[in-house]
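First the structure, in the form of structure tokens, and then the observations on it.
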Amino acid sequence: METLVTSVTVFVLALWVGFEVIVKVPPTLHTPLMSGSNAISGITLVGALLSAGLGHSGLTTVLGLLAVVFATINVVGGFLVTHRMLEMFRRK
Amino acid sequence: MPDWLVNLFYLLASALFILGLKGLSHPRSAVRGNLIGAAGMLIAVAVTLLDRRILSFQAIVAGLVIGSAAGALLAQKIRMTAMPQMVALLNGFGGAASALVAGAALIEAQAAPGALTAQFTVAAAASGLIGAVTLWGSLAAFAKLQELISGNAVVFRGQHLLNALTAAAALGLAGWLVARPQQTEVYWALAAVSSLLGVLATIPIGGADMPVVISLLNSYSGLAAAATGFVLANNMLIIAGSLVGASGIILTQIMCRAMNRSLVNVLFGGFGAEPAERAEADAVYAGRVKAASAEEVAMLLETARRVVIVPGYGMAVSQAQHAVQTLAGVLKSRGVDVLYGIHPVAGRMPGHMNVLLAEADVPYEDLREMEEINPLLKQTDVAIVLGANDVVNPLARTDPKSPIAGMPILEVDQARTVVVIKRSLSPGFAGIPNPLFAAERTLMMFADAKKAINELVRNLSEAAVGA
């Protein structure tokens, strides 16, 4: 129960911080915001690495491998495409 | 590395994510912000790889190599006009990864006595449900945006009932899993039904409502990651996931407000499924529409002091952004004040028009939001509507029975002259005629957006040579 309450506390506070920070993003940057925040949601990669590397059973390793592939596309593709877009906004 | 040290690094990564998103509050700091976020991710991944529990690196290295190559390739090759599809795909992959990780964790937990706590199983069920909905909802959105399937709302009889039953089945399976977490096959059944739900829930939503759908799926991909954080009792996943969840929720709200519609209406409305009634369109347009040639419009532009360009999805379809920038350059060199009026839901995703114009080197200072540009339109000589329709339809103000009643619009009808560049009089997404096209001060240029703009540039240049 205690871990649950701690986790919920973190969840609620992080949502709050998210609202406060993201409300200030101007509409002109909304597309990079989506792709950039999307790259951050690829944080599941951390869980995927553990699943793929624990080597407990063949099945979890396969699931982990798939998860690593998806999450890495998400992270690498997300940050790179965001960078590409933001460079266009900057160069003047 | 001891757990406490790992967690401190995770805290550092979380802080960098927040700082990174904060950097996105201005175009000047945004590149750095994105790099800060990427640095946070690098730290998180590096620290995880040092985890003592990892015994085999084969699958990890294979996954990282394949994923990085595919991600980098996508990011480099994708055209700016296809950015909505790209974001839809990335959302989906994030959701898929979360669902897979929760599934793997559930299988592993079977071996560890006492691991199947209520928090664990509820979170795993949530992760599987949201993750699968995100993946398949995003794939459906991708197929619509890429026009693999009809971009229009796909509606059929009994749709709401079917969707409600599918949602109930998904929730029922989630409940079953929580009660009997030893039956891992229930998890995969849950994922399968949720996948179906994702597709069914997305297909009734039409093309121009895509900004809402993509924002919502963005939010789901974050919430799925946060749910996985609950599964693994990992605070960094919870923090990063909820940041993204919050971001998607805010964007969803902004998009709904910009259409004066509730989220429920967007998700269940089947908006734009029925075509407009022909008779009504004839009554609005008959004998009142004035077509103009490029020469005539160019003459108007020559004497203008302020020109406002209002881009819509038509600009994206015809890839006209570079031509528009050339036209703006020609006009500016003649001392004309050129601004852009951007409606929040113009295009297929939030900020779609801004990215396209940035690609064509239009300075972001020239881009104005709806609230800023509307007061200026009264003192505008020529407003050029480029492939936009519903977002400039005055019926939103005047006809309370219209499907777009109360939607905030760009008030181009206040300008001295309105030039509408459009291929035909066909209705926009809302399926209603637009009285703007038949207004006293409106000239229609019936042409493809890019061709029309290039014609205008040619005429203006010839006039300059002649003078």
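The table for this structure:
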| read-out | value |
| --- | --- |
| Test for A:Gly18: is it in a helix (DSSP H, G or I) and either in contact with a Leu (Cβ under 7 Å, 6 or more places away or on another chain) or under 22 Å from B:Leu232 (Cβ atoms) (or both) | yes |
| Test: residue in segment B:92-105 that is touching a residue at least 12 places away in the same chain (Cβ under 8 Å), farther than 26 Å from B:Ile214 by Cβ and in a helix (DSSP H, G or I) | yes |
| Test for A:Arg84: is it within 7 Å of another protein chain (Cβ to nearest Cβ) and under 30 Å from B:Val61 (Cα atoms) | yes |
| Entirely in segment B:274-344, the helices (runs of 4 or more DSSP H) that have 2 or more residues that are hydroxyl-bearing (Ser, Thr, Tyr) | B:321-333 |
| Test: residue in segment B:365-384 that is in contact with a strand residue (DSSP E or B) (Cβ under 9 Å, 6 or more places away or on another chain) and hydroxyl-bearing (Ser, Thr, Tyr) | yes |
| Which numbered condition B:Pro400 fails, given (1) part of a helix (DSSP H, G or I); (2) without any contact (Cβ under 8 Å) to a residue 24 or more places away in the chain | (1) |
| Given (1) in a loop (DSSP other than H, G, I, E, B); (2) surrounded by fewer than 17 Cβ atoms within 10 Å (Cβ to Cβ), index of the condition B:Arg348 fails | (2) |
| Matching residues, segment B:33-57, being among the basic types (Lys, Arg) and more than 7 Å from chain A (Cβ to nearest Cβ) | B:Arg52 |
| Filter result (more than 9 Å from chain A (Cβ to nearest Cβ), in a helix (DSSP H, G or I) and crowded, with 24+ Cβ neighbours inside 10 Å) within segment B:358-390 | B:Asp390 |
| Per-region count, segment B:216-233, residues more than 24 Å from the chain's Cα centre (by Cα) and more than 7 Å from every other protein chain (Cβ to nearest Cβ) | 2 |
| Selection count, segment B:3-28, where residues are in contact with a helix residue (DSSP H, G or I) (Cβ under 6 Å, 6 or more places away or on another chain), at pLDDT below 95 and more than 7 Å from chain A (Cβ to nearest Cβ) | 1 |
| Filter pass, A:Leu33 being of a type outside the set (S, T, N, Q) and within 15 Å of B:Val244 (Cβ to Cβ) | yes |
| Filtered residues of segment B:100-131 (kept if more than 10 Å from chain A (Cβ to nearest Cβ) and under 36 Å from the mean Cα position of the chain (by Cα)) | B:Thr121, B:Ala124, B:Ala125, B:Ala126, B:Gly128, B:Leu129, B:Ile130 |
| Candidate set from segment B:51-81 (those that are closer than 19 Å to B:Val101 by Cβ and in a loop (DSSP other than H, G, I, E, B)); member that is modelled with the highest pLDDT | B:Phe57 |
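The values are calculated or read from the model by the stated rules, or taken from the named source; none is laboratory data. What you see is a predicted model, and the numbers here were worked out from it, not measured in a lab. Heads up, the Cβs are rebuilt from the backbone with ideal geometry, glycines too, and the neighbour counts pull from every protein chain shown.
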